[in-house]
Each structure stands twice: as C-alpha cells, then as structure tokens.
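Notes for the one structure printed next.
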Amino acid sequence: MTAPGSRRGGARRWRLVRAHSDAVPGSVRRFMARARRRRLRAALPWATVGGVLALAGLATWVVYGTGVFGVREVRVSGTEILSAEEVRQVADVRDGVALAGVDLGAIEKRLAALAPVDRVIASRDWPRTIAIDVVERNPVAVVPQGKKFVLVDKHGVAFHTVSARPGGLPLARVPKPGPDDAATRSALEVLAALSPQLAKQLSAVVVKGPAEIELELRGGRLIVWGDSSQSGVKSEVATALLKEKGDRIDVSAPEVVTIR
C-alpha cells in the first residue's frame, strides 16, 4: 500500500482510507450517538407539526376543493303553501358544489323573502345533503280582495291568495291589508281580544275608519266596537250581552252600553 504523501512516477497521490470503527475512541462514538439522538428529538416536534398541517391541508382540500363531499340532494320539509321545488329554486344550491362551502345564511335570507315563509333553517346533513326546514306563516284572518281572498298572519302580513274563502278563519274587511296598515292592525288587535263565545259567532270584523270598527255576527247581529282601545273590556261586556235581545249592541264606550 502506498502511504499518503508518497510519490510514484514523480507525482503526489492521495487515497482516502476509511478508519475501522475500532480506531474511533468509544467516548467519541458515544458523543456522536448522543448528538444524533438530540438532533432527532429536536426535529421530531417540527416533523409532527408538519405532518399534521399536511394532513389538515389535504383534508381541507378534499372537503372544500373537490366534489368528494359535493351536494347531491336539497331536502325540503315543512311546506304546504309552497312546493318543495319552489323552495329549491329560490335556495339556488348548485348540484355538486362542496357541501362545506355552501353559505347557509344566504340560503335562509333568500327564502325569507318569500311571503309565505315565517322562518327557515338551512343545515348540512353530511355527507351530501342540504336540509331546509321551512315554517310557513299561520293565517289568523282572511281579507276579501275582489273575487279572491288573502290570508293574513298575526303580524298583518298578507302572504297567500286563494280563490275560495277558507273555513275556520274570521273575515277582516280592510281596504289594503299589510303590517303597516292601521286598519289591519286594528282588526287584528280586536280579533286577538275576542272571547271564545264572540269568536264562535263572528262573521266578520269591519274597519271603516280608526274609530269605526264593527263586528258582524252570525244571524245578522251587529256589535259597534268604536276604536281598538279597551278591546279586552269591550269583549267581556259584549260577551255578557250576547244573551240579551237586540240586533245592535254598542260597546264603543264600555261604561255606557246601548242595545237596540
């Protein structure tokens, strides 16, 4: 073997020779092993964090960026006036769009603009369904409009028009039903105050003006109500007078009642 630094043919040549492990002192080997272990321990948390972030990124991409969890169904419940197809059209949820990315608040806002909708809840039903639960308005009176009838809820919202008068609902004769209409609000206030006996005999509540409210009862009897103030007291007095004779009962001033 030619030793390092020797000359052959007049030129210096070097050869790297791996030292045998026995040539490295044990203390050095132990030091190097401890150093490797320290480096591994120091790198482990970063490797773990990196792995978790990579998995989270992959999961986010799968959920939000692919069609693996894409919408395949829009399920509608709670509708009677509206059809399920009408609700789906207004909800406007594209087929296949990532379920996690659907804006539920936007769906609810669009559907709340429909007159028959009182409230609505949209939710995700994993893995591929948007569930829409609709609560429609509950009618408390019906308003004649020409040859048709408009259903009105307790807030005065006119939300549905039908061709025939529904049974079981009192008639409210007001010119322009609506939540901001004074006549509508007065009619609803009176209806809410009626006793069961009066409500059973009521044919229609008629609002001709702010202080010109009348109740038309079955059989042709009439109750002059006046304005909508003291409606609770007026209801009690009128109920007590139902057994009395007379076609016209005036409770507009409940302290001084007249019957004719």
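The values are calculated or read from the model by the stated rules, or taken from the named source; none is laboratory data. On a predicted model such as this, the values are computed, not experimentally measured, just so you know. Using ideal geometry, Cβ is built from the backbone for each residue, glycine included, and neighbour counts are taken over all protein chains shown. We work out accessible area using only protein heavy atoms, side chains counted, and drop any ligands, DNA or RNA first. Shrake-Rupley method; radii C 1.70, N 1.55, O 1.52, S 1.80 Å.
Quick check on segment 202-224. Is at least one of its residues at pLDDT 95 or above, part of a loop (DSSP other than H, G, I, E, B) and touching a helix residue (DSSP H, G or I) at 6+ places or on another chain (Cβ under 7 Å)?
No: zero hits.
Please find, among Val237, Val256, Val233, the residue that is surrounded by 14 or more Cβ atoms within 10 Å (Cβ to Cβ), among the aliphatic types (A, V, I, L, M) and either over 21 Å from His155 (Cα atoms) or within 40 Å of the chain's Cα centre (by Cα) (or both).
Values: Val256 fails: surrounded by 14 or more Cβ atoms within 10 Å (Cβ to Cβ); Val233 fails: surrounded by 14 or more Cβ atoms within 10 Å (Cβ to Cβ).
After ruling out the rest, the residue left standing is Val237.
Restricting attention to segment 162-193, and to residues there that are in contact with a strand residue (DSSP E or B) (Cβ under 8 Å, 6 or more places away or on another chain), surrounded by fewer than 14 Cβ atoms within 10 Å (Cβ to Cβ) and free of Cβ contacts under 8 Å to residues at least 24 places away in the same chain, which single residue is nearest to Ser231 (Cα to Cα)?
Arg165
For segment 198-237, what are the residues that are small (Gly, Ala, Ser), touching a Lys or Arg at 6+ places or on another chain (Cβ under 9 Å) and farther than 19 Å from Arg165 by Cβ? Walk me through it before giving the result.
First, pick out the residues of segment 198-237 that are small (Gly, Ala, Ser): 199, 203-204, 209, 211, 219-220, 226, 228-229, 231-232, 235.
Still in the running and touching a Lys or Arg at 6+ places or on another chain (Cβ under 9 Å): 203-204, 226, 228.
Within segment 198-237, Gly226, Ser228 meet the criteria.
Every residue in segment 94-118 that is in a strand (DSSP E or B) and either over 20 Å from Arg72 (Cα atoms) or open to solvent by 50 Å² or more (accessible area, probe 1.4 Å) (or both), please. So that I can check it myself, show each step before the final result.
Step one: of segment 94-118, the residues in a strand (DSSP E or B) are 98, 117-118.
Selection gives Val117, Asp118.
Among the listed residues Lys200, Lys208, Lys176, which satisfies the condition of being among the charged types (D, E, K, R) and either within 24 Å of Ala113 (Cβ to Cβ) or touching a Leu at 6+ places or on another chain (Cβ under 6 Å) (or both)? Spell out how you get there, then give the answer.
Details: Lys200 fails: either within 24 Å of Ala113 (Cβ to Cβ) or touching a Leu at 6+ places or on another chain (Cβ under 6 Å) (or both); Lys208 fails: either within 24 Å of Ala113 (Cβ to Cβ) or touching a Leu at 6+ places or on another chain (Cβ under 6 Å) (or both).
Of Lys200, Lys208, Lys176, the one residue that is among the charged types (D, E, K, R) and either within 24 Å of Ala113 (Cβ to Cβ) or touching a Leu at 6+ places or on another chain (Cβ under 6 Å) (or both) is Lys176.
May I ask you to list the residues in segment 194-215 that are open to solvent by 60 Å² or more (accessible area, probe 1.4 Å) and in contact (Cβ under 8 Å) with a residue 24 or more places away in the chain?
If we filter segment 194-215 for residues that are open to solvent by 60 Å² or more (accessible area, probe 1.4 Å), which is where we start, we get 196-197, 200-201, 208, 210-212.
Selection gives Gln197, Gln201, Pro210, Ala211.
Hey, does segment 143-153 have a residue that's under 11 Å from the mean Cα position of the chain (by Cα), surrounded by fewer than 20 Cβ atoms within 10 Å (Cβ to Cβ) and in a strand (DSSP E or B)? Can you show your working first?
In the first step, residues of segment 143-153 are kept if they are under 11 Å from the mean Cα position of the chain (by Cα); the result is none.
For segment 143-153, residues under 11 Å from the mean Cα position of the chain (by Cα), surrounded by fewer than 20 Cβ atoms within 10 Å (Cβ to Cβ) and in a strand (DSSP E or B): absent.
Just to be sure, is Ile121 open to solvent by 70 Å² or more (accessible area, probe 1.4 Å), free of Cβ contacts under 8 Å to residues at least 60 places away in the same chain and on the phi < 0 side of the Ramachandran plot?
yes
Only one of Asp180, Asp250, Asp227 is under 35 Å from the mean Cα position of the chain (by Cα) and of a type in the set (D, E, K, R). Can you tell me which? Before the answer, list the steps.
Working: Asp250 fails: under 35 Å from the mean Cα position of the chain (by Cα); Asp227 fails: under 35 Å from the mean Cα position of the chain (by Cα).
Checking each option against the conditions leaves just Asp180.
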